[in-house]
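Right, one structure below, let's go through it.
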Amino acid sequence: MKLSENGFRIIKNFEGLRLDAYRDVAAVWTIGYGSTRYHDGKQVKPGDKLASEVQADALFRNTMGQYENAVNRFVKVPLTQNQFDALVSFTYNEGTGALEESTLLVKLNEKNYTEAVAHFLAWDKIADPKTGKKVVCDTLVARRKEESKLFLMA
């Protein structure tokens, strides 16, 4: 499966657009629509700039394949387009390793869709850059609720 235009829109909405490199809430260097790496795999670094929204969109779409591939590879049960989009959004935000190691994936692959969707909500914390302690992030709470809602839509 591939991410739908609705899926792209949802992720872009949560990520927002920034043409100059910035540190996200987890202190990771990020650019465009939440990209942490470029097409060639190089990491975003301080001082990086994108020329336009078109360039940010191209970067976003070009790097999305690895997250689509992870969902396609790790999920062993049938998915609707909305379920796929929700999982790609989650994976784009948390990383492919997080999906692979998650209880969400375990429950989903057991065909327990109801319990799987509940596990989106557990991913609402970030490591505080100053203390390293896990703290609830309101942005992630909102994102996980939206992904859960999308996952449950027909």
Need the C-alpha centroid separation for the range 1-72 versus the range 77-152, integer Å. 18 Å
Considering the values [x] 1.49; [y] 1.03; [z] 1.23, which represents Cα Rg over 2.2 N^0.38 Å as calculated for the structure under consideration? [y]
Too long for a 32 Å Cα-Cα cut-off, among Lys49/Lys107; Lys12/Lys111; Lys12/Lys134, are Lys49/Lys107
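Any read-out appearing in this document is the output of simple, stated calculations on the displayed coordinates, not a laboratory observation. The structure presented is a predicted model; accordingly, all values stated were derived computationally and were not measured.
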